[in-house]
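Quick notes on the structure that follows.
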Amino acid sequence: MRVKKAVIPAAGLGTRMLPATKTVPKEMLPLVDKPVIQYIIEEAVEAGIEDILIVTNRAKSAMDDYFDYHPELERKLAASGRDADLEAVRRAADLANIFYVRQKETLGLGHAIWRARRFVGDEPFAVLLGDDIMKADRPVIGQLIAAAEKYDAPCVGTQPVAPEAISRYSSLKLEPLEDRIFRVTDMNEKPTPETKLSDYAILGRYVLTPDIFPVLEQTKPGYGGEIQLTDAMRELCHTRFFTAAHFEGRRYDTGNLCGFLEATIDFALEHPASGDWLREFLKTKL
């Protein structure tokens, strides 16, 4: 299997970041000097992804505009000699082949992925959640792709979370295959402490195969009355080989205020334009 396509579900309403997300897509909130979704696309591109589908809704045309050319702005930057800014603006538009489809109803992550079926066709594909930023030496989705290609099987990204936090995620039942790679034999969505399978949670990255689509089509609404991707993957892992990669790297949930601020500070501390200043500023404040 070779993974060259990716799907980014970005149709959520961003209710955890109101009021800012009333009119600004949460994926377009600036993380230092780039919108959140650009970091996700750059991760995919660095891992060898060529074609990317963003699943949006009617209120998120700003993403389409951002990854397009802006001739008037580019002419002004060129005339002003702002070559670095011009390069940054053009780079965003040239990152990958980016396509869009709307999720016309908010029916859950599983439904958002099902909307990508015509884009995917009969190929394996990566999924990168629009809230989750990864900070790693190797692209996290690339770590999953390596495992998926080696075992010719779907793969989910996982790390252990605190026992009290597992109810916010999907819990995995795992059997070790090799260092940091597991076979998945079961999973469940947002378990209680009594029903969790382990403290290993699915965290924002997946490599899936097209046989997920017939399963999704038959999947009934589950937790929260939505079509859950986990429910479809659970059925699939009972009938075919399914893997998980304990990825190396740090995950940030930028869909909530504390996670967004944590990511902003960490990325700003490493940015050449802000790192030294912010470090001294924080010392003064603290």
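Within segment 36-77, how many residues are farther than 18 Å from ILE141 by Cβ and either out of contact with any helix residue (DSSP H, G or I) (no Cβ under 7 Å at 6 or more places or on another chain) or modelled with pLDDT of 95 or more (or both)?
Taking segment 36-77 as the starting set, the residues that turn out to be farther than 18 Å from ILE141 by Cβ are 56-77.
Subsequent filtering for residues that are either out of contact with any helix residue (DSSP H, G or I) (no Cβ under 7 Å at 6 or more places or on another chain) or modelled with pLDDT of 95 or more (or both) retains 57-61, 64-65, 71-72, 75-76.
So the count comes out to 11.
Which of the helices (runs of 4 or more DSSP H) found entirely inside segment 214-286 contain at least 1 residues meeting this: touching a residue at least 60 places away in the same chain (Cβ under 8 Å) and closer than 20 Å to ASP33 by Cβ?
Those helices (runs of 4 or more DSSP H) span 257-270.
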**ILE37 being touching a residue at least 24 places away in the same chain (Cβ under 8 Å), touching an Asp or Glu at 6+ places or on another chain (Cβ under 6 Å) and either surrounded by 15 or more Cβ atoms within 10 Å (Cβ to Cβ) or outside any helix (DSSP H, G or I) (or both)** = yes
**Request:** Search segment 123-146 for residues being among the charged types (D, E, K, R) and over 20 Å from TYR169 (Cα atoms), and hand back the single one that is surrounded by the fewest Cβ atoms within 10 Å (Cβ to Cβ).
**Result:** ASP137
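Could you go through segment 218-240 and let me know if any residue there is of a type in the set (Ser, Thr, Tyr), closer than 20 Å to ASP186 by Cβ and modelled with pLDDT of 95 or more.
Step one: of segment 218-240, the residues of a type in the set (Ser, Thr, Tyr) are 219, 223, 230, 239.
Among the residues that remain, those that are also closer than 20 Å to ASP186 by Cβ are: 219, 223, 230, 239.
Remaining after also requiring modelled with pLDDT of 95 or more: none.
There is no residue in segment 218-240 that is of a type in the set (Ser, Thr, Tyr), closer than 20 Å to ASP186 by Cβ and modelled with pLDDT of 95 or more.
Matching residues to (1) free of Cβ contacts under 8 Å to residues at least 24 places away in the same chain; (2) aromatic (Phe, Trp, Tyr); (3) touching a His at 6+ places or on another chain (Cβ under 7 Å):
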{"residue": "ALA78", "(1), (2), (3)": "yes, no, no"}
{"residue": "GLY81", "(1), (2), (3)": "yes, no, no"}
{"residue": "ARG90", "(1), (2), (3)": "yes, no, no"}
{"residue": "ALA96", "(1), (2), (3)": "no, no, no"}
{"residue": "PHE99", "(1), (2), (3)": "no, yes, no"}
{"residue": "ARG102", "(1), (2), (3)": "no, no, no"}
{"residue": "LEU109", "(1), (2), (3)": "no, no, no"}
{"residue": "ALA112", "(1), (2), (3)": "no, no, no"}
{"residue": "GLU123", "(1), (2), (3)": "no, no, no"}
**Prompt:** Name the strands (runs of 3 or more DSSP E) wholly within segment 52-141 that hold at least 1 residues that are farther than 27 Å from MET233 by Cα?
**Reply:** 97-102
**Tabulated pairs, segment 7-24, first under 15 Å from ASP253 (Cα atoms), second surrounded by fewer than 21 Cβ atoms within 10 Å (Cβ to Cβ), C-beta under 6 angstrom, 6+ apart or interchain** = GLY14/THR21; ARG16/ASN256
**Item:** segment 144-158 residues that are aromatic (Phe, Trp, Tyr), paired with ones that are assigned to a strand (DSSP E or B) and buried (at least 17 other Cβ atoms within 10 Å of the Cβ) (beta carbon under 7 Å, 6 or more apart)
**Value:** TYR151/THR243
**Message:** So in segment 18-34, with the set limited to residues that are part of a helix (DSSP H, G or I) and among the hydrophobic types (A, V, I, L, M, F, W, C), which one is modelled with the highest pLDDT?
**Reply:** MET28
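Can PHE182 be described as under 18 Å from VAL215 (Cβ atoms) and either surrounded by fewer than 23 Cβ atoms within 10 Å (Cβ to Cβ) or at pLDDT 95 or above (or both)? Show your work before the answer.
Details: under 18 Å from VAL215 (Cβ atoms): no; either surrounded by fewer than 23 Cβ atoms within 10 Å (Cβ to Cβ) or at pLDDT 95 or above (or both): yes.
Judged against the criteria, PHE182 is not a match.
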**Request:** Return the total of residues in segment 1-17 being more than 13 Å from ASN97 (Cα to Cα) and in a loop (DSSP other than H, G, I, E, B).
**Result:** 8
**Message:** Of the conditions (1) crowded, with 17+ Cβ neighbours inside 10 Å; (2) of a type in the set (Asp, Glu); (3) farther than 26 Å from THR192 by Cβ, GLU226 satisfies every one except a single condition; which number is it?
**Reply:** (3)
**Scope segment 184-196; condition under 22 Å from the mean Cα position of the chain (by Cα) and not acidic (Asp, Glu); matching residues** = VAL184, MET187, ASN188, LYS190, PRO191
**Fill in**
Residues in segment 190-209 that are crowded, with 21+ Cβ neighbours inside 10 Å, under 23 Å from THR219 (Cα atoms) and either touching a Leu at 6+ places or on another chain (Cβ under 8 Å) or of a type in the set (D, E, K, R) (or both) total 6
**Message:** Pairs needed: first member in segment 179-200, in contact (Cβ under 8 Å) with a residue 12 or more places away in the chain and part of a strand (DSSP E or B); second member anywhere, surrounded by fewer than 17 Cβ atoms within 10 Å (Cβ to Cβ) and aromatic (Phe, Trp, Tyr); C-beta distance under 6 Å; at least 6 residues apart or different chains.
**Reply:** GLU189/TYR223
**Asked** Considering LYS76, LYS173, LYS150, LYS104, which residue is charged (D, E, K, R), over 16 Å from GLU43 (Cβ atoms) and buried (at least 17 other Cβ atoms within 10 Å of the Cβ)?
**Response** LYS173
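The values are calculated or read from the model by the stated rules, or taken from the named source; none is laboratory data. From a predicted model like this one, the values you see are computed outputs, not experimental measurements. Neighbour counts are summed over all protein chains in view; Cβ atoms, including those assigned to glycine, are modelled from backbone coordinates with ideal geometry.
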